[in-house]
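Only one structure is covered here, and it is reproduced in the block below.
The values are calculated or read from the model by the stated rules, or taken from the named source; none is laboratory data. If you're wondering where the values come from, they're calculated on a predicted model, not measured in any experiment. Note that each Cβ is placed from the backbone with ideal geometry, even for glycine, and that neighbours are counted across all protein chains shown. For the accessible areas, the whole protein counts, side chains as well, though only heavy atoms, and no ligand, DNA or RNA atoms are used. Shrake-Rupley method; radii C 1.70, N 1.55, O 1.52, S 1.80 Å.
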Amino acid sequence: MVGMTRATVAQTGARDRMGADMRSPVLRWLRRGVIVLLLFGVLDYLVLPQIAGTRRALHLVSTIHPWWAIIGVALETLNFVSYSLLTRSVLLDDRPPYSWLIRTDITALGVSHLVPGGVATASALRFRMLREGGTPADDAFVGMAVEGVGSTLVLALIFWLALIASIPIFGVNPAYATVAVVGAILIAGSLLVIFLRSRLAPTTTTDRSWRIIHRLPHRMQPRVERIVQEYSEQLRRLLADKAGLRASALWAAGSWLMDAASLWVFVAAYGHRVDPIGLLVAYGLANLVAIVPISPGGLGVIEGVLIPSLVGFGTPRAIAVLGVVSWRLFNFWAPIPAAGVCYLSTRTKTWGGGRFFASARR
């Protein structure tokens, strides 16, 4: 009996140590994320207003129009709604309820804003939550990939069109002209690839992929080949759905434009009406640069590109700083606590509608 008790205690201690070892990297990662967020928060809300001029900034804050701020928050909310509708449009079979999708997207967005390199962590969490919501693995994988690439492509298209439209108004900028040419080539190439891929048979992708697959160990080749074939077929089905692609493009454009409109409103709340074309150029450039995962959610990167760009399009510096900082309060910071609420809601049977528990039993 004593020997069994000691063995049980030893096993329990080993499990506790193993759990502690697994938790410690996560806790260290979260601590680093919190420290990074605090540093950038200090930069955003203490240093930037100092650059704009403390007295001038305080005066502008006292003159903000509340209704403009309310409209800006409403537009930012519509941005999140549009993005979840985009998610629904790229899922072909067994779509979860929209309430599950929007909670999944907000949770992933908050996680991507919380930890360094959070895009990978957020994507893994989002994939798992889509699976828990009842989405098949291949649908979730291909849908997320198409959504990410397609959304970025739509943003690049919006930026390119705004850049072309800005030339008669603001003149030719050599740097912007170069970006416009490169962007046009990338957009045309991407659209051509999508068009050609939608007309390929699923076996074509498998044949082309075999050159890579046959280099793998023989045990892995049948499984990898089956996975590639399934994903290729799923991608072909998605790209062949013209109505679905149009809906996806519209929801992606709506999400970006709602977000940009929210920025315009927050700048207008401080008394300046920035030219919409110039704002779209600045907004598109900042968000395209932020795709490079330098910081969580582009924190510091978007502000560093967006503020001088708005100033270049005629926005007073103090207004540009306060407008961008106010917009980022709801664009970047608000999804973090909202993500916690949304994630907890998916863990409860009442809010989750029992779907999580049904998928867990499977």
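Hey, among Val321, Val311, Val301, which residue is touching a Lys or Arg at 6+ places or on another chain (Cβ under 6 Å), over 25 Å from Tyr98 (Cβ atoms) and not basic (Lys, Arg)?
The unique qualifying residue is Val311.
If a residue must be of a type outside the set (S, T, N, Q) and either in a helix (DSSP H, G or I) or in contact with an Asp or Glu (Cβ under 7 Å, 6 or more places away or on another chain) (or both), how many such residues does segment 284-303 contain?
Within segment 284-303, residues that are of a type outside the set (S, T, N, Q) and either in a helix (DSSP H, G or I) or in contact with an Asp or Glu (Cβ under 7 Å, 6 or more places away or on another chain) (or both) number 11.
Please list, ordered by residue number, the helices (runs of 4 or more DSSP H) wholly in segment 304-352 having 1 or more residues that are open to solvent by 40 Å² or more (accessible area, probe 1.4 Å) and of a type in the set (D, E, K, R).
317-328, 349-352
Kindly establish whether Ala108 is in contact with a Leu (Cβ under 7 Å, 6 or more places away or on another chain) and modelled with pLDDT of 85 or more.
Against the criterion (in contact with a Leu (Cβ under 7 Å, 6 or more places away or on another chain) and modelled with pLDDT of 85 or more), Ala108 qualifies.
Out of all the residues in segment 321-331, is one or more hydroxyl-bearing (Ser, Thr, Tyr) and at pLDDT 90 or above?
no
Starting from residues that are closer than 19 Å to Val154 by Cβ, open to solvent by 10 Å² or more (accessible area, probe 1.4 Å) and without any contact (Cβ under 8 Å) to a residue 60 or more places away in the chain, keep the ones in segment 252-296 and report whichever is farthest from the chain's Cα centre (by Cα).
Pro276
Give all pairs with beta carbons closer than 9 Å in which a residue from segment 68-86 that is surrounded by fewer than 20 Cβ atoms within 10 Å (Cβ to Cβ) meets a residue that is outside any helix (DSSP H, G or I); count only pairs at least 6 apart in sequence or on separate chains.
Here the result reads Trp68/Ala269; Trp68/Tyr270; Ala69/Ala269; Ile71/Ala269; Val73/Ala334, each pair linking segment 68-86 to a residue that is outside any helix (DSSP H, G or I).
Restricting to segment 101-133, give me the number of residues that are buried (at least 19 other Cβ atoms within 10 Å of the Cβ), more than 20 Å from Gly297 (Cβ to Cβ) and touching a residue at least 40 places away in the same chain (Cβ under 8 Å).
The qualifying residues number 2.
Pairs under 6 Å by beta carbon, first residue free of Cβ contacts under 8 Å to residues at least 24 places away in the same chain in segment 135-152, partner aromatic (Phe, Trp, Tyr) and open to solvent by less than 30 Å² (accessible area, probe 1.4 Å), six or more apart or different chains?
As it stands, the answer is none, since no pair meets every condition given.
Only one of (1) more than 30 Å from Gly271 (Cα to Cα); (2) crowded, with 20+ Cβ neighbours inside 10 Å; (3) modelled with pLDDT of 90 or more fails for Pro97. Which number is that?
If we test Pro97 against (1) more than 30 Å from Gly271 (Cα to Cα); (2) crowded, with 20+ Cβ neighbours inside 10 Å; (3) modelled with pLDDT of 90 or more, just (2) comes out false.
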